[in-house]
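S.K.: Here you go, one structure.
The values are calculated or read from the model by the stated rules, or taken from the named source; none is laboratory data. Because the structure is predicted, anything quoted here is derived from the model rather than measured. Neighbour counts are summed over all protein chains in view; Cβ atoms, including those assigned to glycine, are modelled from backbone coordinates with ideal geometry.
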Amino acid sequence: MRYVVIGGGIVGLATARQLVNEHPDATVTVVEKERGWGAHQTGHNSGVIHAGVYYAPGSLKAELCKAGSRSMVEFCAENDIPYQVCGKLIVATDEAELPRLHALYDRARTNGLPVRLITPDEAREYEPEVSCVAAFHVASTGIVNFGTVCERLAELLAKAGADMRPGEQVIGIEAATTSNGPVTVRTTRGEIQADVLINCAGLHADRIARMAGVNPPARIIPFRGEYYELRPERRDLVRGLIYPVPDPQFPFLGVHLTKMIDGSVHAGPNAVLALAREGYRWGIIRPGDLLDAATYGGLWRLARKHWRYGASEVLRSLSKQRFAASLARLVPAIRPEDLVKAEAGVRAQAIRPDGGLVDDFLIVHKDRQVHVLNAPSPAATSSLEIGKYIVARLPN
């Protein structure tokens, strides 16, 4: 069998690894348009190994994240990749948030996670500078550099004989003429024949699907998540991870504080509509991407429903003072002068035509094609399990 994986982020690499492990005699090719691995969503996230708190019981996110937090830690330990299982706090900063905090705690328990409700005094034993009226602690949350994980996955794949093709962009796909026929993948360097095509193209996954003759049930809309980090002399304000109670209407968790594996402390992200699918700054505008989003009715329906939320995120993007004030609800000692700009990330969020956000992983199968059409957070945590899930369901 000839397998072609499009996309060299952590989900694509993890899926390719599962293929070479289960089918050592197969040909596995990984095509990535960038010159390095994990260049986009994987390389621009907060580096959190999520426990699986937020996701609906029984959903793919809940099941694969919980299993993924274990398998990711095991992978890092086996491959000498620095990581830490440090736990995190989810805090309610006022009485109005208590019902949501308790509902989230109940969900975490339903998902079988090691969580504990704690008092404000107990919360300050973990984080002396935190402000809250109640909190719960999640013991199994960790931190890692997922870019380092990608590098190791790529090394293992190359060692196993996979055909690794960074710097090669897919420019066309000719679907099979019969259900068992090969797919022809045209790239900037030639053609590749595939018996099975697996699309893990992240920010461009819906476009790759259409290129392959599949009509995706949702469209990728890019949301930029902007980060600050604490100045080195103020890092002692945060020992680990501090998260607010999220609004369940949105897939975004709200600005939070994260100790990174290198010792820095990142603050964010917010969530603003990006003007390009790889729009890491306001100044990056790609007319084709902008037109693609602007002409999509699903985005306008989402905007009409949540325009106040969107406006507040834009204002926070434009004002360091607003950003700092959001963080100060969690840690009152944080001031605007404590923050310096850090790299932003872009989330590939799938939106349905009715304006609904796709809140679970979305994986579409058609004949000998698999298209991963929604895999934002916690996809990095879940990546090894996503790979197992995909490979287990491939045609023979």
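Here is a yes/no grid of residues against (1) in the same structural domain as residue 391 (by TED's automatic domain parsing); (2) within 25 Å of residue 388 (Cα to Cα); (3) more than 22 Å from the chain's Cα centre (by Cα):
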residue: 300; (1), (2), (3): no, no, yes
residue: 313; (1), (2), (3): no, no, no
residue: 333; (1), (2), (3): no, no, yes
residue: 368; (1), (2), (3): yes, yes, yes
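S.K.: May I pose another question? So which of 346, 364 ends up being part of a strand (DSSP E or B) and buried (at least 21 other Cβ atoms within 10 Å of the Cβ)? Lay out the reasoning, then the answer.
M.R.: Working: 364 fails: buried (at least 21 other Cβ atoms within 10 Å of the Cβ).
That would be 346, the only listed residue that is part of a strand (DSSP E or B) and buried (at least 21 other Cβ atoms within 10 Å of the Cβ).
S.K.: Let me ask something additional. Failed condition for residue 198, given (1) crowded, with 19+ Cβ neighbours inside 10 Å; (2) within 26 Å of residue 258 (Cβ to Cβ); (3) in the same structural domain as residue 22 (by TED's automatic domain parsing); (4) touching a Phe, Trp or Tyr at 6+ places or on another chain (Cβ under 7 Å), with all others met?
M.R.: With respect to (1) crowded, with 19+ Cβ neighbours inside 10 Å; (2) within 26 Å of residue 258 (Cβ to Cβ); (3) in the same structural domain as residue 22 (by TED's automatic domain parsing); (4) touching a Phe, Trp or Tyr at 6+ places or on another chain (Cβ under 7 Å), residue 198 is out only on (2).
S.K.: I would also like to ask the following. Could you list, in sequence order, all residues of region 232-249 that are under 17 Å from the mean Cα position of the chain (by Cα) and either more than 17 Å from residue 45 (Cβ to Cβ) or assigned to a helix (DSSP H, G or I) (or both)?
M.R.: The answer is none; no residue qualifies.
S.K.: Among the candidates 231, 219, 210, which residue alone is among the basic types (Lys, Arg) and in contact with a Gly (Cβ under 7 Å, 6 or more places away or on another chain)? Before you say what the answer is, go through the steps one by one.
M.R.: Numbers: 231 fails: in contact with a Gly (Cβ under 7 Å, 6 or more places away or on another chain); 210 fails: in contact with a Gly (Cβ under 7 Å, 6 or more places away or on another chain).
The conditions single out 219.
Here is a yes/no grid of residues against (1) assigned to a helix (DSSP H, G or I); (2) assigned by TED's automatic domain parsing to the domain that holds residue 262; (3) at pLDDT below 95; (4) crowded, with 16+ Cβ neighbours inside 10 Å:
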{"position": "66", "(1), (2), (3), (4)": "yes, no, no, yes"}
{"position": "69", "(1), (2), (3), (4)": "yes, no, no, yes"}
{"position": "74", "(1), (2), (3), (4)": "yes, no, no, no"}
{"position": "77", "(1), (2), (3), (4)": "yes, no, no, no"}
{"position": "105", "(1), (2), (3), (4)": "yes, no, no, yes"}
{"position": "108", "(1), (2), (3), (4)": "yes, no, no, yes"}
{"position": "113", "(1), (2), (3), (4)": "no, no, no, yes"}
{"position": "116", "(1), (2), (3), (4)": "no, no, no, no"}
{"position": "121", "(1), (2), (3), (4)": "yes, no, no, no"}
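S.K.: Please verify whether residue 43 is assigned to a helix (DSSP H, G or I), touching an Asp or Glu at 6+ places or on another chain (Cβ under 7 Å) and small (Gly, Ala, Ser), treating the condition exactly as stated.
M.R.: Working: assigned to a helix (DSSP H, G or I): yes; touching an Asp or Glu at 6+ places or on another chain (Cβ under 7 Å): no; small (Gly, Ala, Ser): yes.
Taking the combined requirement at face value, the residue does not satisfy it.
Condition check ((1) in the same structural domain as residue 373 (by TED's automatic domain parsing); (2) within 25 Å of residue 361 (Cβ to Cβ); (3) not in a loop (DSSP other than H, G, I, E, B)) across all residues:
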| residue | (1), (2), (3) |
| --- | --- |
| 161 | yes, no, no |
| 165 | yes, no, yes |
| 180 | yes, no, no |
| 185 | yes, yes, yes |
| 203 | yes, yes, yes |
| 207 | yes, yes, yes |
| 210 | yes, yes, yes |
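S.K.: Do you know which residues across region 123-157 are under 21 Å from residue 44 (Cα atoms) and of a type in the set (Val, Ile, Thr)? Give the steps one after another, and end with the answer.
M.R.: Narrowing region 123-157 to residues under 21 Å from residue 44 (Cα atoms): 141-155.
Answer for region 123-157, where residues must be under 21 Å from residue 44 (Cα atoms) and of a type in the set (Val, Ile, Thr): 141, 143, 144, 148, 149.
S.K.: In region 217-231, is there at least one residue being farther than 22 Å from residue 40 by Cβ, among the small types (Gly, Ala, Ser) and either touching a strand residue (DSSP E or B) at 6+ places or on another chain (Cβ under 8 Å) or touching a residue at least 60 places away in the same chain (Cβ under 8 Å) (or both)?
M.R.: Let us first name the residues in region 217-231 that are farther than 22 Å from residue 40 by Cβ, namely 217, 230-231.
Cutting the leftovers down to among the small types (Gly, Ala, Ser) gives us none.
No.
S.K.: If you take the residues of region 123-137 that are out of contact with any helix residue (DSSP H, G or I) (no Cβ under 7 Å at 6 or more places or on another chain) and not in a loop (DSSP other than H, G, I, E, B), which of them is nearest to residue 69 (Cα to Cα)?
M.R.: Going residue by residue through region 123-137, those that are out of contact with any helix residue (DSSP H, G or I) (no Cβ under 7 Å at 6 or more places or on another chain) are 123-128, 131.
After this cut, where a residue has to be not in a loop (DSSP other than H, G, I, E, B) as well, the list is 123-126.
Details: 123: 23, 124: 26, 125: 25, 126: 21 Å.
Here the residue is 126.
S.K.: Which of (1) modelled with pLDDT of 95 or more; (2) in a helix (DSSP H, G or I); (3) surrounded by 18 or more Cβ atoms within 10 Å (Cβ to Cβ); (4) not charged (D, E, K, R) is the odd one out, the single condition residue 302 does not satisfy?
M.R.: Here residue 302 meets the rest and fails (1).
S.K.: Separate question: So, in region 4-29, exactly how many residues are surrounded by fewer than 24 Cβ atoms within 10 Å (Cβ to Cβ) and not in a helix (DSSP H, G or I)?
M.R.: So the first thing to find is which residues in region 4-29 are surrounded by fewer than 24 Cβ atoms within 10 Å (Cβ to Cβ), and the list is 18, 20-27, 29.
Within this subset, residues satisfying the condition of being not in a helix (DSSP H, G or I) are 23-27, 29.
Number satisfying all stated conditions: 6.
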